[in-house]
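Chemist: Let me give you the structure first, and then I'll get to my questions.
Just so it is clear, none of the values below were taken in a lab; they were calculated from the coordinates. All values derive from a computational prediction rather than experimental measurement. A quick note on method: Cβ atoms are made from the backbone with ideal geometry, for glycine too, and the neighbour counts reach across all protein chains shown.
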Amino acid sequence: MKGKIEKSDEQWREELAPDVYRVTREKGTELAFTGEYWASKETGTYLCAACGEELFKSEDKYDSGSGWPSFSAPAEQASVEEKPDQSHGMIRTEVTCGRCDSHLGHVFPDGPPETGLRYCINSAALDFQKR
Ligand code: FE
């Protein structure tokens, strides 16, 4: 990973499509079963929609039944950051881009072996690069 990316809210708002801005910079959540990638089984890499950092690989993607793209692990541990999130009356762990701090989704401890983790990620926070 290269250096951190820091931009003003105004810059992000200018650069990102409205749905991408709402999820990545305002911690929005897209409706289940509506995003571009929840059912995708193509082979490739999922990049941060805001900065292009490699975040997840299709090899770690699985069908969780949630209606959001779900991964058992990030591409590399440094690809993402995890932070406690007590919003909306729930105790969850937020997942953000390790490079630009964009909100991606949450990670839950109910994933498949080997990791036991479910990275529940908004399609709007991702760009897919086919391999
Ligand atoms: Fe990013």
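Chemist: Would you grab the residues whose amide H sits under 5 Å from the one on Gly28? Only those 5+ places off in sequence or on another chain, please, with H modelled 1.01 Å from N.
Modeler: Close amide H contacts, sequence-distant or interchain: Val23.
Chemist: Where does the charge balance sit around Pro69 when Lys and Arg score +1, Asp and Glu -1, over other residues with C-beta under 14 Å from its C-beta?
Modeler: Result for the neighbourhood of Pro69: -3.
Chemist: Once amide H atoms are built 1.01 Å from N in the peptide plane, which residues 5 or more positions from Leu55, or in another chain, come under 5 Å H to H?
Modeler: Long-range HN contacts for Leu55: Tyr46, Leu47, Cys48.
Chemist: Highest first, please rank the peptides 107-119, 78-90, 49-61, 16-28 by the mean number of other Cβ atoms sitting within 10 Å of their residues.
Modeler: Result, highest mean Cβ count within 10 Å first: 49-61, 16-28, 107-119, 78-90.
Chemist: To check my understanding: the extent here is largest minus smallest coordinate of the Cα atoms along each principal axis. What are those three numbers for the chain, in Å, largest first?
Modeler: Largest to smallest, the principal-axis extents are 40, 40, 29 Å.
Chemist: Work out from phi, with θ = phi - 60° and the Karplus expression 6.51 cos²θ - 1.76 cosθ + 1.60, the ³J(HN,Hα) of each residue of region 121-130, listed in order in whole Hz, and give x for Gly and Pro.
Modeler: Per residue, the Karplus-derived 3J(HN,Hα) values read 10, 6, 4, 5, 8, 10, 10, 9, 10, 5 Hz.
Chemist: Then there is this: Work out how much length Phe108 to Arg131 would gain on full extension: take 0.36 nm times their residue separation and subtract the Cα-Cα distance, in nm to one decimal. Let's see the in-between values first.
Modeler: On the way: separation 23, 0.36 × 23 = 8.28 nm, distance 2.77 nm.
Here the segment from Phe108 to Arg131 would lengthen by 5.5 nm.
Chemist: Would you tally the net charge around Thr45, using a Cβ to Cβ cut-off of less than 13 Å, leaving Thr45 out, and scoring K and R as +1, D and E as -1?
Modeler: After counting each charged neighbour, the total is -3.
Chemist: I would also like to ask the following. Using amide H atoms built in the peptide plane, which far-off residues or other-chain residues are under 5 Å from Gly35 H to H?
Modeler: For Gly35, whose amide H was placed from the backbone, there are no distant partners under 5 Å.
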